[in-house]
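The structure appears below as structure tokens.
The values are calculated or read from the model by the stated rules, or taken from the named source; none is laboratory data. Computed from a predicted structure; not experimentally measured. Cβ placement follows ideal geometry from the backbone for every residue including glycine, while neighbour counts extend to all protein chains displayed. With ligands, DNA and RNA removed, areas are computed over all heavy atoms of the protein, side chains included. Shrake-Rupley method; radii C 1.70, N 1.55, O 1.52, S 1.80 Å.
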Amino acid sequence: MKLIRKFYRGLRVIYYRMARVYSWLITSFKFFLNDVKYHRDFISYGVPILDINPQGSFIIGKKFRFNSGKYHAMGGRQQQCYFVAAKGACITIGDNVGMTSTAIICHDSISIGDNVKIGINTVIYDTDFHSLDASIRNQYPESIEGVKNKPVTICDGAFIGGHTTILKGVTIGKNSVVGAGSVVFQSIPDEQIWAGNPAKYVKDTYSIKLSVVNE
């Protein structure tokens, strides 16, 4: 039995090493097809879904890392990463950014700074998708008239907890933290921790640094 377990574990190691190579190759090809600007030092576990309009753009910085799909970074509810940019929209990801099973749906502008970490199953939307006016929303085919789009900015060093929803017009400040499962519809200043639905101020990150020093 021990030999069988060792053999199984050995196969798993081989599988994940091969999956990393396969993921990088297929993702590179999808980046090329979608005219994504990227660096070859990215690490991909799993293959993302991309839909970048020819008149949209997707720019990725150095040392980008992501997990995409149910067999990578298993934390429950994992999906493939989605990177979608509509006509005229721009997604920008800075250096040393990591994310897992994240959906970025951009109709205007979504900008992610350097050293940002985004937890599993987070979604980022810069659009309402539908008009808030029922007379417009219920047309068939539905009109895009009145649909509101506003840029989203996630500043350097921010940490977004898993299963978070970030909505249009939001700026998340430098080194700020968003608790898992939050719904963020208003901007968060630098160096603060927010959590909840809707997300509300909890405390400054300075207090955490101070407690660590005192310990």
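Sort out which residues of the stretch 1-20 are under 18 Å from Ser68 (Cβ atoms) and open to solvent by less than 90 Å² (accessible area, probe 1.4 Å), and write them in order of number.
Residues of the stretch 1-20 that are under 18 Å from Ser68 (Cβ atoms), as a first pass: 15-20.
Listed by number, the residues that qualify are Tyr16, Ala19.
Of the residues Ile120, Ile124, Ile105, the single one that is buried (at least 16 other Cβ atoms within 10 Å of the Cβ) and assigned to a loop (DSSP other than H, G, I, E, B) is Ile120. Might you let me know whether the stretch 129-142 holds any residue that is β-branched (Val, Ile, Thr), outside any loop (DSSP other than H, G, I, E, B) and under 23 Å from Cys155 (Cα atoms)? No, the stretch 129-142 contains no residue that is β-branched (Val, Ile, Thr), outside any loop (DSSP other than H, G, I, E, B) and under 23 Å from Cys155 (Cα atoms). Just one of (1) touching a Ser or Thr at 6+ places or on another chain (Cβ under 9 Å); (2) closer than 20 Å to Phe58 by Cβ; (3) among the hydrophobic types (A, V, I, L, M, F, W, C); (4) open to solvent by 10 Å² or more (accessible area, probe 1.4 Å) fails for Phe129. It is (1).
Return yes or no: is Gly113 in contact with a Gly (Cβ under 9 Å, 6 or more places away or on another chain), open to solvent by less than 70 Å² (accessible area, probe 1.4 Å), within 21 Å of Lys168 (Cβ to Cβ) and not polar (S, T, N, Q)? Full working, then the answer.
Details: in contact with a Gly (Cβ under 9 Å, 6 or more places away or on another chain): yes; open to solvent by less than 70 Å² (accessible area, probe 1.4 Å): yes; within 21 Å of Lys168 (Cβ to Cβ): yes; not polar (S, T, N, Q): yes.
In short, yes.
In the stretch 146-154, the count of residues that are at pLDDT below 95, of a type in the set (Gly, Ala, Ser) and open to solvent by less than 40 Å² (accessible area, probe 1.4 Å) is zero.
The single residue among Pro189, Pro198 that is surrounded by fewer than 18 Cβ atoms within 10 Å (Cβ to Cβ) and within 24 Å of Gly98 (Cβ to Cβ) turns out to be Pro189.
Scanning the stretch 150-192 for residues that are assigned to a strand (DSSP E or B), within 22 Å of His130 (Cα to Cα) and touching a residue at least 24 places away in the same chain (Cβ under 8 Å) gives Val152, Thr153, Thr165, Ile166.
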